[in-house]
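Colleague: What follows is a structure written as structure tokens; I'll ask about it next.
Taken together, the values in this text are just the output of simple stated rules run on the coordinates, not laboratory data. Because the structure is a prediction, the values reported are computed rather than measured. No Cβ is skipped: glycine too gets one built from the backbone with ideal geometry, and neighbour counts run over all protein chains shown.
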Amino acid sequence: MKKIIALLAVLALAASMVAALGEGTLYDEVMARGSLIIGTEGMWSPWTYHDLDTDELVGFDVEIGKAICAKMGIEAEFNEAPWDAILAALDSKRDDTMINGVEVTEQRAEKYDFTTPYCYVRTALVVRGDNEEIKGFEDLAGRTTANSIGSTYMTLAESYGAVAEGVDTLDETMQMVLSGRAEATLNAVDSIGDYLRVHPDANIKIVALTDDASPVAIPLRKGETALLDAMNAALEELRADGTLSELSVKYFGNDITNAD
């Protein structure tokens, strides 16, 4: 009996050693697979959206993801979902990362590791054109806003006392403001600019902007250092060769890749 127990112990130890050796990092998995699985909304122009003619997934963040993967010698594989579902997919390991205009906040930095920022955004406060009651963020107390669930914009609105309604797309958000179902919305000023470019007659206006621009970066689950380093190296190359700036001008009309 003692010999059997001893043998079982040896086999268990051997099995655990084999399992440990087989446990690679996410970087190892990504490189072996040959692709990086990226969560994105696909409904937030000009960051990530579908071309009206081809229905192809395009946008600033889509090209950023593809460019990073090209530098790493792998393919970019995109999974589309609403904002809160993307976060859930990242947490549950269905996605490797997400590239979707993710602003770096203290709360998020406690949960995720972030790459170096690849652009910077200011938040705009938007109301219907005939709204004269909301002139700044402080006027949001008790007002109804519309924003993606779990977004920094929803969090900011609620911090000023607004009652935030959850929506899935920027178009839906704007329709709520235009119809009066929401009194205001918050979003990246560059996204609002793109919306007005496509809808020049939209009866909306920007009444305030945040003082500082927030860094936008790519989140990874904590501890995936090898993948983080590889993505940072790719971003550094893309900044150095001018790709980041070129993509920003292509999609936003100006360079938002610097903090200045």
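Colleague: Tell me which label goes with the value of P(r) over Cα pairs in 10 Å bins from 0, in percent computed from the coordinates here: [x] 6, 25, 26, 17, 13, 8, 4, 1, 0; [y] 7, 27, 33, 23, 9, 1; [z] 7, 28, 31, 18, 8, 4, 3, 1, 0.
Modeller: Matching the structure shown: [z].
Colleague: For a quick check: sort I149, I99 by the number of other beta carbons within 10 angstrom, fewest at the front.
Modeller: I149, I99
Colleague: Hey, if you put +1 on the Cβ of every Lys and Arg and -1 on every Asp and Glu Cβ in the chain, which of Y251, L228, V189 ends up farthest toward the positive end of that dipole?
Modeller: Sorting the options by dipole projection puts first L228.
Colleague: Within a 10 angstrom radius of the beta carbon, how do R94, R197, R221 rank from fewest other beta carbons to most? Walk me through the numbers on the way to the answer.
Modeller: Working: R94 14, R197 11, R221 17.
If I rank by nearby Cβ atoms, fewest first, I get R197, R94, R221.
Colleague: Can I ask one more? Below 8 Å between Cα atoms, with a sequence gap of 6+, how large is the relative contact order for the chain in percent?
Modeller: 25
Colleague: Using Cβ counts within 10 Å as a stand-in for footprinting exposure, how do E172, E133 rank, fewest first? The partial results should precede the final answer.
Modeller: Details: E172 13, E133 9.
Sorted ascending by nearby Cβ count, the order is E133, E172.
Colleague: Which links in K66/K222; K205/K250; K66/K111; K66/K135 stretch past 30 Å when you go from one Cα to the other?
Modeller: Violating the 30 Å Cα-Cα cut-off are K66/K135.
Colleague: Under 5 Å between amide hydrogens, which residues at least 5 positions from E41 or on another chain qualify, with H placed 1.01 Å from N in the peptide plane?
Modeller: For E41, the qualifying residues are A81.
Colleague: Now for a different question. Along the stretch 107-122, what does the Karplus equation 6.51 cos²θ - 1.76 cosθ + 1.60 (θ = phi - 60°) give for ³J(HN,Hα), rounded to whole Hz, x for Gly and Pro?
Modeller: Listing the rounded values in order: 5, 5, 5, 6, 9, 10, 8, 10, 5, 5, x, 10, 6, 9, 10, 10 Hz.
Colleague: Can you find, among L125, M72, G242, the residue farthest towards the positive end of the dipole of the chain? Put +1 on the C-beta of Lys and Arg, -1 on that of Asp and Glu.
Modeller: Value computed over the given set: M72.
Colleague: Under the rule of -39500 (n - 2.57) per DSSP H run of 4 or more residues, summed and divided by the residues of the chain, what mean residue ellipticity at 222 nm is obtained, to the nearest 500 deg cm²/dmol?
Modeller: Only helices count here, giving -13000 deg cm²/dmol.
Colleague: Taking a ≥ b ≥ c as the square roots of the eigenvalues of the Cα gyration tensor of the stretch 45-196, is the shape rounded (a/c under 1.5), prolate (a/b larger than b/c) or oblate?
Modeller: In terms of gyration-tensor shape, prolate.
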